[in-house]
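Worksheet for the structure shown next.
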Amino acid sequence: MLGIPTPKEKPWAQAGALPYFLQDAFQFAELELLGHPIVLAITPSSEKQALGDIRARLDKVRAQGEPPVVFVTDALASYERKRLIEQRVPFIVPGNQLYLPDLGLDLREHFRQRAPTTGTALSPSTQAILIAALMNEPLATDWQPARLASPMGYTPMTLSRAVRELNAAGLAATRKLGRSQYLHRELPPRDIWEMARPLLRSPVRRTVWAMSDTLPAGRQWRLAGLSALARDSMLTEPRQPVYATTFAEWREATRAGAREAPEPSDAAQELELWIYDPALVPGRATVDPLSLTLSLQHSTDERVLQALDELKGQLPW
């Protein structure tokens, strides 16, 4: 629109100092436009924020005393555009419309209708491989999916599907070096995680209570649920510890004599049956924090939600 080379955006260094609810609402970047630094508050394409919330949230970001903050979204209806202009809220619809009153710019093409969300959830194996990469290789921009998938027991066919899904979702791009295949990411791990969130599901398919005296001895199941969350936050541990295991391990345990309890009791053990291996990160007594977040993300308990905010401090980035 401006007839200038597209400015190169980069992560905004001050984003980490913002309250968590702002970090969850936007992805932040910064660039220089016509000699002016601006901060971009980018809303995920899968989400639609209320106009009143946008104005209030941008005001809180501006309170940091940084350069102008611009709202970025993939589409706006005509009434939304009118409301934002009335409130003098700067915004950009990439390739379609630009309104920067602080710089005296109001350029538009045509109104673009908001496309329906078409994102498809990642398969459990793809989700597991992505989380393992984010947790085990957070600083690597190129990583070998085969090396991560092999300890999980995934077949070459499953691995190929995972690579296709990650490419299709824009979470990684395939690169080859000799005979080895790598996946390359262009964004920081935190941004990849936020992009992937709408495509991820809770790893917990079912919860069972098993009679404690029938469970196999020497089992090495990881703490999960509120028990795991309590280890990395100020949350009080539940009276009965919660463990995670896979359906295959539970079936093996039942063949060895484990019995499901008719109801929760002190004589029973709470088990979460996961859709993938809970041991994605070596050397931990608990499940990884990303899978744990997904397993508890729909909780309505304020204490749990606050503890999940604390859990963000345990991430490796």
**Study point:** Whichever aspartates and glutamates have a C-alpha closer than 15 Å to that of LYS60, once near sequence neighbours (fewer than 8 apart) are set aside
**Key:** ASP24
Check your understanding: If you take the beta carbon distance between MET157 and ALA256 as r and set R0 to 51 Å, what does 1/(1 + (r/R0)^6) give as a FRET efficiency, to the nearest 0.05?
Key -> 0.95
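Have a look at the DSSP beta bridges in region 211-317 and tell me what percent are antiparallel, nearest 5.
Given both bridge residues lie in region 211-317, the antiparallel proportion sits at roughly 35 percent.
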Review point. In deg cm²/dmol and to the nearest 500, what is the mean residue ellipticity at 222 nm of the chain if only DSSP H runs of at least 4 residues count, each as -39500 (n - 2.57), divided by the residue total?
Key: -9000 deg cm²/dmol
Point to revise | Segment ARG231-LYS8, extension gain: residue separation times 0.36 nm, minus the distance between their alpha carbons | key: 76.2 nm
Exercise for review: First select every other residue whose beta carbon is under 15 angstrom from the beta carbon of LYS8; then total the charges, Lys and Arg +1, Asp and Glu -1.
Suggested key: -3
Practice item. Determine, from the Cβ-Cβ distance of SER123 and PHE21 and an R0 of 35 Å, the FRET efficiency 1/(1 + (r/R0)^6), rounded to the nearest 0.05. Key: 0.70
Exercise for review: Give me the distance in nm between label points sitting 7 Å out from Cα along the Cα-to-Cβ direction at PHE247 and ALA173, one decimal.
Suggested key: 3.7
Check your understanding: Among the aspartates and glutamates, which have Cα under 15 Å from the Cα of LYS82 when same-chain residues fewer than 8 positions away are ignored?
Key -> ASP106, GLU109
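Would you please put 274-282, 195-203 in order of how densely packed they are, using the mean number of other Cβ atoms within 10 angstrom per residue and starting with the highest?
274-282, 195-203
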Revision key, fill the gap. Computed over the chain: longest principal axis from alpha-carbon atoms vs helix 124-136 long axis, angle to nearest 10 degrees, is 80
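Any idea what the dipole of region 130-252 comes to, in debye rounded to 20, about its Cα centre with Lys/Arg Cβ at +1 and Asp/Glu Cβ at -1?
320
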**Study point:** For the chain, built as a Gaussian network whose Cα springs stay under 10 Å, the top-fluctuating residue of VAL93, VAL39, VAL163
**Key:** VAL93
**Study point:** Accessible carbon and sulfur surface of the chain relative to its total accessible area, %, 1.4 Å
**Key:** 50
Practice item. Between ASP266 and GLN144, with labels modelled 7 Å along Cα→Cβ, what's the label distance in nm to one decimal, could you check? Key: 5.3
Point to revise | Solvent-accessible area of ARG206 with every protein chain in place, 1.4 Å probe, in Å² to the nearest 10 | key: 100
Review point. By per-residue mean of other Cβ atoms within 10 Å, what is the highest-first order of 184-190, 165-171?
Key: 165-171, 184-190
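Only Cα pairs under 8 Å and at least 6 apart count here; give the relative contact order of the chain as a rounded whole percent.
Once divided by the residue count of the chain, the mean separation gives 13 percent.
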**Study point:** Extension gain from ALA50 to ARG206, taking 0.36 nm per residue of separation minus the Cα-Cα distance
**Key:** 52.7 nm
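What percent do you get for the relative contact order of region 215-309 when only Cα pairs under 8 Å and 6+ apart count?
35
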Review point. Considering only protein heavy atoms, what per residue accessible area in square angstrom results for the chain with a 1.4 angstrom probe?
Key: 53
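The values are calculated or read from the model by the stated rules, or taken from the named source; none is laboratory data. None of these values were measured; they are calculated from a predicted model. When we count neighbours, we look across all protein chains shown, and the Cβ atoms used for this are built from the backbone with ideal geometry, even at glycine. The accessibility values were calculated without ligands, DNA or RNA, using every heavy atom of the protein model including side chains. Shrake-Rupley method; radii C 1.70, N 1.55, O 1.52, S 1.80 Å.
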